[in-house]
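Undergrad: There's a structure below that I have some questions on.
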Amino acid sequence: MFKLPDEWIEKQQEIYNLKYITYQGKKIHVSELEDRSVTLEMRSQMRMNSYAQEDLPPKLNNEALIEKAKQYLGECNKKRIPCSTYDEALIHNITPELIKRLEEFEEKLDVLKNINSQELFFFLEDGLVNAGILNPNVTGYELLNYLKTK
């Protein structure tokens, strides 16, 4: 049976032990943070080393992740035209587009969060009637049953 060298295991444990963040005067291991729980405000108050920084992206909420990606993009080498490597294309073409789409998604999500359930219900009803999927004389109960079957 294959066994990893003890030195390698010790080095991995040493690295794991370095992944601490100082937040509000407390030392927290990065693994203790919930995924997508770190906001921009929280992130601005955190201090950490590169080991913790490497494991932080899954812990950032979308807003904080977008800002961190923009910050990192600003530190990258300038774009050559056309991009001559996959790394350059990922940095200069793909990532900015992903950021743009995530920002658009977040904006639409914010709009939806501000719509109350009755407004959403009427919006769905109007859309389904206008699309010819539902009869204009349908009752709210019938609409709910229709939505449950889809």
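Undergrad: For residues that are part of a loop (DSSP other than H, G, I, E, B), farther than 10 Å from PRO58 by Cα and open to solvent by 60 Å² or more (accessible area, probe 1.4 Å), tally how many sit in region 22-42. Walk me through it before giving the result.
TA: The initial filter retains those residues of region 22-42 that are part of a loop (DSSP other than H, G, I, E, B), namely 24-25, 33-37, 39.
Cutting the leftovers down to farther than 10 Å from PRO58 by Cα gives us 24-25, 39.
Now drop any that are not open to solvent by 60 Å² or more (accessible area, probe 1.4 Å), which leaves 24-25.
Residues in region 22-42 being part of a loop (DSSP other than H, G, I, E, B), farther than 10 Å from PRO58 by Cα and open to solvent by 60 Å² or more (accessible area, probe 1.4 Å): 2 in total.
Undergrad: Another one. Among residues belonging to region 94-103 that are open to solvent by 80 Å² or more (accessible area, probe 1.4 Å) and of a type outside the set (A, V, I, L, M), point out the one that is farthest from LEU124 (Cα to Cα).
TA: Ranking the candidates gives LYS100 first.
Undergrad: Collect the residues in region 64-73 that are open to solvent by less than 50 Å² (accessible area, probe 1.4 Å) and either out of contact with any helix residue (DSSP H, G or I) (no Cβ under 7 Å at 6 or more places or on another chain) or not hydrophobic (A, V, I, L, M, F, W, C) (or both), keeping them in residue-number order. First the steps, then the outcome.
TA: Step one: list which residues in region 64-73 are open to solvent by less than 50 Å² (accessible area, probe 1.4 Å), which gives 64, 66, 68-69, 73.
Listed by number, the list holds a single entry, LYS68.
Undergrad: Going by the structure shown, is LYS19 surrounded by 12 or more Cβ atoms within 10 Å (Cβ to Cβ), under 25 Å from the mean Cα position of the chain (by Cα) and farther than 30 Å from LEU144 by Cβ?
TA: So LYS19 fits the description; yes.
Undergrad: Out of all the residues in region 76-92, is one or more assigned to a loop (DSSP other than H, G, I, E, B), of a type in the set (A, V, I, L, M) and surrounded by 12 or more Cβ atoms within 10 Å (Cβ to Cβ)?
TA: Taking every residue of region 76-92 in turn, none turns out to be assigned to a loop (DSSP other than H, G, I, E, B), of a type in the set (A, V, I, L, M) and surrounded by 12 or more Cβ atoms within 10 Å (Cβ to Cβ).
Undergrad: For residues that are among the charged types (D, E, K, R) and surrounded by 11 or more Cβ atoms within 10 Å (Cβ to Cβ), tally how many sit in region 106-150.
TA: 4
Undergrad: Sort out which residues of region 25-53 are within 26 Å of PHE105 (Cα to Cα) and in contact (Cβ under 8 Å) with a residue 24 or more places away in the chain, and write them in order of number.
TA: Result: LEU33, GLU34, ASP35, ARG36, SER37, VAL38, THR39, LEU40, ARG43.
The values are calculated or read from the model by the stated rules, or taken from the named source; none is laboratory data. A quick note: this is a predicted structure, and the numbers were derived from the prediction, not measured. Because the Cβ atoms are built from the backbone with ideal geometry, glycine has one as well, and the counts that use them run over all protein chains shown. These accessible areas exclude ligands, DNA and RNA; they are computed on the full protein's heavy atoms, side chains included. Shrake-Rupley method; radii C 1.70, N 1.55, O 1.52, S 1.80 Å.
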